[in-house]
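For reference, the structure is listed below as structure tokens.
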Amino acid sequence: MSEPEYFDDVWPGMQWAGTYTRADAAEIRSWRTLARVAVGDTLEARTVVESIGLSWRPGHGVVVQRVDVVNQHGHTVETGTLAKVLPKRSVEW
């Protein structure tokens, strides 16, 4: 499953794997490096939605997600909790 584009498509416990950059986060709440990453390693970001809520921005929601970065051997090399603001599909006034 690919990363959702809209707040309406997200629910707690939802999971997906794919590419991820820290720049995608509105707020990095915690981040830890657990192991070294070497040139040539293959990395995958595994994401689980921990909570969702309303944003201060009209027409948007906040998604809090845990991201585990896993190498080609299945070892978690980085882990963190991020908050991201996503637009709603339809704006309620």
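Working only within the range 70-86, note down all residues that are in contact with a strand residue (DSSP E or B) (Cβ under 8 Å, 6 or more places away or on another chain) and either surrounded by fewer than 17 Cβ atoms within 10 Å (Cβ to Cβ) or in contact (Cβ under 8 Å) with a residue 40 or more places away in the chain (or both). Write out each step before concluding.
The first filter runs over the range 70-86 and keeps only residues in contact with a strand residue (DSSP E or B) (Cβ under 8 Å, 6 or more places away or on another chain), leaving 70-71, 76-86.
Within the range 70-86, Thr76, Val77, Glu78, Thr79, Gly80, Thr81, Leu82, Ala83, Lys84, Val85, Leu86 qualify.
All conditions in (1) modelled with pLDDT under 90; (2) over 14 Å from the mean Cα position of the chain (by Cα) hold for Ala45, with the sole exception of (2).
The values are calculated or read from the model by the stated rules, or taken from the named source; none is laboratory data. Predicted model, so just to flag it, every value in this text is computed and none were measured. Please note: Cβ atoms are built from the backbone with ideal geometry, for glycine as well, and neighbour counts cover all protein chains shown.
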